[in-house]
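Asks: Below: one structure in structure tokens.
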Amino acid sequence: MCSCRSIAALIALGLAGAALSFTQTQSWSPLDEKIQQADALQEKGALEDARKIYESALQALGSSEPSPQVGYVLNALSQVASSEGKYDEAIACAQRAADVYAKLGDRGREAYALNYRGIAEVQRGLYLDAQRTLSRALELSKSAGDVQSEVRILNNLGTANYFPGKYLEALRAYQAAGRLLDQSQMESWSGYWRQITEINEATLYQRLGRYQNALQIYQHVGTSSKGLTAGDQAHLFTNLGALYRRLGDPWKALDSYQSALRLYSKQHDADGEISVLKNIGIVYALDQNDLGKAQQIFERSLARAAETGNQREEMQAHLYLGETLLRKGVLKDAGREFQLALTQAKTLDTKEEQWKALYGRGRTEELAGELEKSEADYREAIGIIETTRTQLQISALRAEFLADKRDAYDAAIALLLRKNDVREAFSFLERSRARTFQDRLAGGAAGKKTAITPLSLDEARGYLDNSTILLEFWVSGRRLALIWCTRESYGVSQAQLSPADLKAMLAFLKAVPNNLGGDWRRESAILGRLVPGALPLSSNLRRVLIVPDGWLTSVPFDLLPSGDRPNALLIERVSISYLPTAALLRREARDERWQLPWMRELVAFGDPAVPPSQPAADGLENTAQLPPLPYSAEEVRTIAEMTRGKVELFLGPSDRKSIFMAGKANSAVLLHVSTHAFADADSPEDSRILFSPESRAGAADYVFLRELYDLDLSRVDLTTLSACDTERGRMIRGEGVQAFSRALLVAGARSALTTLWRVDDQPTHEFMKQFYYYALQKNQSKAEALRSAKLKFLRSGTALANPAHWAAFVLNGDGLNPLPIFVSWRMIAASAAGLTLLGITLAVAFRSWYRRRVLWIHRP
């Protein structure tokens, strides 16, 4: 849990708006001096004294006609009331000010007044009202030609959409503000509002799980925050604290929160203080396990929120207090707090807090033994998450949306497994994994939106033949489950890893392949604990499809013990291929078994020509330090010699990105790329494949992961990335590893061969030669050809028998079908000759028969 503030602009907006003083258009008077005195008191935080002067001034102005002074004072009273937590009064004062300006025909100041009203409505939790008010204010600002006002109102409109979970609308508002700022770069106010807009965008990214993006923005703003007000800086520290906690650094989080608390106290910002107190409580509850202190802080935060009438903060205080009591084991009180949070969340229509409250209440009920109620709450929570996610129509926003929400899915899966409801557990497991991949897959290359029905266990079984078994893994903390199914049956096995076993397993995977020494069989035996009980491998099963989960995506399953043979590895027993989600089974197989020799069979790129003296592109890798690839060109040519169809090879200087992206990549059944690749764990879409420069004097070029997603590879049956670490990438909870294979499958390739770790150039060349021999010359299925190549290495009796040289290669996608068979010209010539000979033989035979028959008929 974490709580971040997206209203970095709200308080600052009021102060900035107040600067638009009526004194610019009217002569100075003693009353003006009193109002200026009240402004100074408000700035210092002496709200009660400022209020008295404003009210006295308003009384003195009351009998006069509507004037800018009356509107100004009403706006000021609205700000004071908001700072005191009296939001209904703030709304009323701002509306009165707007009415005054409307009568005066001053659209600009009317927009300012409605902006204050919208701020108060957001703070009051009246999000729909705020959206309407701010939309009207935006119209008035546009008609008045006040661009600065448009920017500030767009920021607040984004916030009014952010809190109820309308994230796409929020993003659009912030982006609209950014475009206006791009057009106003020379204005003196643009720098300040650029910072505010960036903070709000970062807060949105933070809510959606894009933590690195958010951190980069916060750090950028923090280095140039001189123009920010104390309140803005406090909001920035609050959000940074929440982000540091999410990234696993609670001590940095506490430092940021304390800095924010000091600034809020100086500003007399009650809402800010409540927000920071709540976040400090979260650190004590979840990171330091000081539940008593956390409870005191949340109760203090709750009382302060109730006192100021801030329903949003009151709702969140109930939510976090419920979590604290749940961890203390006080189930009845915890359930009550979750129920109060849920009631307020429904009143405020905040989806994020609704699912969290249901998830918390469900856990409370499960611990109390009320399993049916618990399951119902988990299902409702997941339903809210799914609905919210559906509204995020931009895939970049969806990518990390499920990261912190996977807990709700895991709770439902664990409960269903506890009830031995394997079918429903499988369905929820499929709903919790690789969702952005599934969205892109359903949308196709054209990007069309298609509703996705979760894959059922029975549907998955229907796609399997009698020799195939599907292994669907689930991990949550130390819990491990394996749901397996064949065409005829299904089952589940579960285990709880000990802390020592989990630590040893992760240490082994982190050290691979460096720990695969001479005694690699003993070292890798720990992987056997990943399968609770023996695998149900009957004698007829020859193929395994594996859907890994979480950190299991980095496991070389080849090295698991087969279970039915002493000291035998799984790869010695069956062929293995992988799926990001079992939903990929829905992709229809191509009916293109036979191809003619004039059709293109292979397009290959390799041996990138990057002279050491050339600079790296855009400050990326120093290409002078890259190891050479002396076997790359030979590897490509060796594969080409095994083909029967048409081939095109782009090697050395011809190995260019422009050729790859221009359609050549999708012009053959086989796409082979032999080069260097780089997995970017911080920014997965920036993972990249190296290509030669476009010109001799140019720098190295790259195809980025984000570009692969947009390619059309619908004609490609197999894409091989013969490069290092191409199956590595950033692990996103709820999505899986963001590796090249996923992008290639989404682009339309039926299967992708990639690597879990770096393999030297010469063993890679030899391995590819063996793999393509079995796939092209022996017509084995892709998964079986991969298995044959691995067994060739394993049983070679040479240094290549070590799995460091062969277990890195993994096949994702369709591994069950063989590659299309290309009929060679030689086969056509032989067939033609055979047909000619057959024709001649038949003609001679017919002539002989005919002559005999005629002679017999005419015999005297």
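The values are calculated or read from the model by the stated rules, or taken from the named source; none is laboratory data. Predicted, not measured: the structure shown is a model, and the values here were computed from it. All Cβ positions, glycine included, derive from the backbone under ideal geometry; neighbour counts span all protein chains shown. Surface areas here come from the heavy atoms of the whole protein model, side chains and all, with no ligands, DNA or RNA. Shrake-Rupley method; radii C 1.70, N 1.55, O 1.52, S 1.80 Å.
Asks: Which of the residue pairs LYS373/LYS503; LYS266/LYS405; LYS142/LYS278; LYS44/LYS278; LYS332/LYS356 have a Cα-Cα distance greater than 27 Å in the structure shown? Intermediate values should be presented prior to the final figure.
Replies: Numbers: LYS373/LYS503 35 Å; LYS266/LYS405 36 Å; LYS142/LYS278 38 Å; LYS44/LYS278 25 Å; LYS332/LYS356 17 Å.
Checking Cα-Cα distances, LYS373/LYS503; LYS266/LYS405; LYS142/LYS278 exceed 27 Å.
Asks: Another question about this same structure. Roll a 1.4 angstrom probe over the protein heavy atoms and tell me the percent of accessible area of the chain that is carbon or sulfur.
Replies: Working: 17770 of 35020 Å².
Using a 1.4 Å probe with all protein chains present, the chain comes out at 51 percent carbon and sulfur.
Asks: With a ≥ b ≥ c taken as the square roots of the eigenvalues of the C-alpha gyration tensor of segment 265-346, please select rounded if a/c is under 1.5 and otherwise prolate if a/b is larger than b/c or oblate if it is not?
Replies: Since a/c reaches 1.5 but b/c is at least a/b, the shape of segment 265-346 is classed as oblate.
Asks: Please report, in debye to the nearest 20, how large the charge dipole of the chain is about its Cα centre when each Lys and Arg carries +1 at its beta carbon and each Asp and Glu carries -1 there.
Replies: On the way: 104 positive and 100 negative charges, 786 e Å.
Using Cβ point charges on Lys, Arg, Asp and Glu, the chain gives about 3780 debye.
Asks: Compute the Kirkwood hydrodynamic radius of segment 243-399, taking the inverse of the mean of 1/r over all pairs of distinct Cα atoms, and give it in Å to one decimal.
Replies: Result for segment 243-399, one decimal place: 16.4 Å.
Asks: Right, here's the next one. Taking all protein chains together and a probe of 1.4 Å, list HIS805, HIS672, HIS268 from the most accessible to the least accessible.
Replies: HIS268, HIS805, HIS672
Asks: Roughly how many debye, to the nearest 20, is the charge dipole of segment 457-580 about its Cα centre, given +1 on each Lys and Arg Cβ, -1 on each Asp and Glu Cβ, and no other charges? Walk me through the intermediate numbers first.
Replies: Numbers: 13 positive and 12 negative charges, 60 e Å.
About 280 debye.
Asks: Another question about this same structure. Would you compute, for the Cα atoms of segment 755-830, the largest minus smallest coordinate along each principal axis and list the three values in descending order, in whole Å?
Replies: Principal axes ranked by extent give 43, 26, 20 Å for the Cα atoms.
Asks: A further question follows. Taking the convex hull of the alpha carbon atoms in segment 96-229, what volume per residue do you get, in Å³? Write down the numbers at each step before the final one.
Replies: Numbers: hull volume 14.4 nm³, N = 134.
Spread over its residues, the Cα hull of segment 96-229 gives 108 Å³ apiece.
Asks: Here is a follow-up. Helix 761-772: angle to the longest alpha-carbon principal axis of the chain, degrees 0 to 90, nearest 10?
Replies: 60
Asks: Something else: Can you work out the Karplus-derived ³J(HN,Hα) for every residue in segment 130-146? Use 6.51 cos²θ - 1.76 cosθ + 1.60 with θ = phi - 60°, whole Hz, and x for glycine or proline.
Replies: 5, 4, 5, 4, 6, 5, 5, 4, 5, 4, 5, 5, 4, 5, 7, x, 9
Asks: Then there's this: Projecting each Cα onto the charge dipole of the chain (Lys/Arg +1, Asp/Glu -1 at the beta carbon, about the Cα centre), which of TYR359, MET642, GLN311 comes out farthest on the positive side?
Replies: MET642
Asks: May I ask for the Kirkwood hydrodynamic radius of segment 701-789, worked out over all distinct Cα pairs and given in angstroms to one decimal?
Replies: Here the Kirkwood hydrodynamic radius works out to 14.0 Å.
Asks: While we're here: Cross-link partners among lysines for LYS86, C-alpha distance below 17 Å, same-chain residues fewer than 8 apart left out?
Replies: List returned: LYS52.
Asks: Hey, can you find the accessible area per residue of segment 245-331 for me, probe 1.4 Å, expressed in square angstrom?
Replies: Ligands and nucleic acids excluded, the result is 39 Å² per residue.
Asks: May I ask for the angle, rounded to the nearest 10°, between helix 30-44 and the longest principal axis of the chain, with both axes built from Cα atoms and the value confined to 0 to 90°?
Replies: That works out to roughly 50 degrees.
Asks: Restricting the count to DSSP beta bridges whose residues both fall in the chain, what percent are antiparallel, rounded to a multiple of 5?
Replies: Antiparallel bridges make up about 50 percent of those DSSP assigns within the chain.
Asks: Calculate the translational D of the chain in whole µm² s⁻¹ from Stokes-Einstein, where the hydrodynamic radius comes from the Kirkwood formula applied to all Cα pairs, the temperature is 20 °C and the viscosity 1.002 mPa s.
Replies: 69
Asks: On the Cα set of segment 417-555, report Rg and Dmax in Å, please.
Replies: 17.0, 52
Asks: For Cα pairs less than 8 Å apart in space and 6+ apart in sequence, what is the mean separation divided by the residue count of segment 460-574, i.e. the relative contact order in percent?
Replies: Worked out over segment 460-574, it gives 27 percent.
Asks: If ligands, DNA and RNA are left out, what is the accessible area of LEU776 with a 1.4 Å probe, given in Å² to the nearest 10?
Replies: 10
Asks: So, one more: Tell me the volume per residue, in Å³, of the convex hull enclosing the alpha carbons of segment 313-363.
Replies: With only Cα atoms used, segment 313-363 gives 53 Å³ per residue.
Asks: Hey, another quick one. What relative contact order, as a whole-number percentage, does the chain give when Cα pairs under 8 Å and 6 or more residues apart are counted?
Replies: So the answer I get is 8 percent.
Asks: Next question, about the same structure. Rounded to the nearest 10 degrees, what's the angle between the helix 68-83 long axis and the longest principal axis of the chain, both from Cα atoms, 0 to 90?
Replies: 60
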